[in-house]
1. Using only the Cα atoms of region 63-119, build the gyration tensor, take square roots of its eigenvalues as a ≥ b ≥ c, and label the shape rounded, prolate or oblate: rounded if a/c is under 1.5, else prolate if a/b is larger than b/c, else oblate.
2. Take the Cβ-Cβ distance between T42 and Q96 as r, set R0 to 22 Å, and report the resulting FRET efficiency rounded to the nearest 0.05.
3. Go through 111-117, 17-23, 86-92 and give me the packing order, highest mean Cβ count within 10 Å leading.
4. Quick check on region 1-99: take the gyration tensor over C-alpha atoms, sort the square-rooted eigenvalues as a ≥ b ≥ c, and tell me if it's rounded (a/c under 1.5), prolate or oblate.
5. Using θ = phi - 60° and the Karplus curve 6.51 cos²θ - 1.76 cosθ + 1.60, what whole-Hz ³J(HN,Hα) does each residue of region 47-59 get, with Gly and Pro shown as x?
6. Please sort by residue number the trypsin sites (Lys or Arg not before Pro) in region 11-70 whose DSSP state is loop and whose Cβ has at most 12 other Cβ atoms within 10 Å.
7. Which whole-Hz couplings ³J(HN,Hα) result when phi for each residue of region 74-80 is put into the Karplus expression 6.51 cos²θ - 1.76 cosθ + 1.60, θ = phi - 60°, listed in order with x for Gly and Pro?
8. Can you give me the long-range amide H partners of K119? Hydrogens built in the peptide plane at 1.01 Å from N, cutoff under 5 Å, separation of 5 or more residues or another chain.
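Derivation of every value follows stated rules applied to the coordinates shown; laboratory data play no part. Fair warning: this is a prediction, and the values are worked out from it, not measured in the lab. For neighbour counting, all protein chains shown are included, and Cβ atoms are generated from backbone atoms with ideal geometry for every residue, glycine included.
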Amino acid sequence: MSKSPGKKTLIINLKPNQENIHIVARVLETQPPHVIQTRRGTRTISNAVLGDESGRVKTTLWGRKAGSLKEGQVVEVSGAWTTSFRGEVQLNIGSQTSVEEVDDSSVPPKGEIPNKSPKAPMGMQYGGGYRGSRRRSWR
């Protein structure tokens, strides 16, 4: 297993604007990479849904990490960060994030993962995705 930067966080306990997140989760859904336009230029991203025994979270993979996950994998993610969009917390995986496949007995099978997602508190409904362009208008 990889060097863990900190204690493992359950997905349901994720909050907006956290950094250096460490989770172990099953890849429930993936989408192919696509290019988007940001204030900092074009970026390649892909979207996925990750789940653990507590719930599931929408995840954006940026740059070289886009398209790197496969459905059914169990991965240990270290160094991710969170944002919020439309009232839901989202996980972000970028170039500095470590993603390693691990033994899949550590996370329940897809059918046993609760259909619950971490929610953003009122007043923290929107946030950018790419680490370099995050806006923190509520601070």
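1. Working: a/c = 2.03, a/b = 1.06, b/c = 1.92.
Judged from the Cα gyration tensor, region 63-119 comes out oblate (a/c at least 1.5, b/c at or above a/b).
2. Values: r = 20 Å, r/R0 = 0.91.
Working from the Cβ atoms, E equals 0.65.
3. On the way: 111-117: 12.6, 17-23: 16.9, 86-92: 19.0.
Final packing ranking: 86-92, 17-23, 111-117.
4. Details: a/c = 1.44, a/b = 1.34, b/c = 1.08.
It is rounded, given that a/c, with a ≥ b ≥ c, falls under 1.5.
5. Computed from phi, the couplings for region 47-59 are 10, 8, 10, 10, x, 9, 5, 9, x, 9, 9, 5, 9 Hz.
6. Values: sites: R26, R39, R40, R43, R56, K58, R64, K65, K70; in loops: R39, R40, K70.
Loop-located and lightly packed - R39, R40, K70.
7. 10, 10, 9, 10, 10, x, 7
8. Long-range HN contacts for K119: V89.
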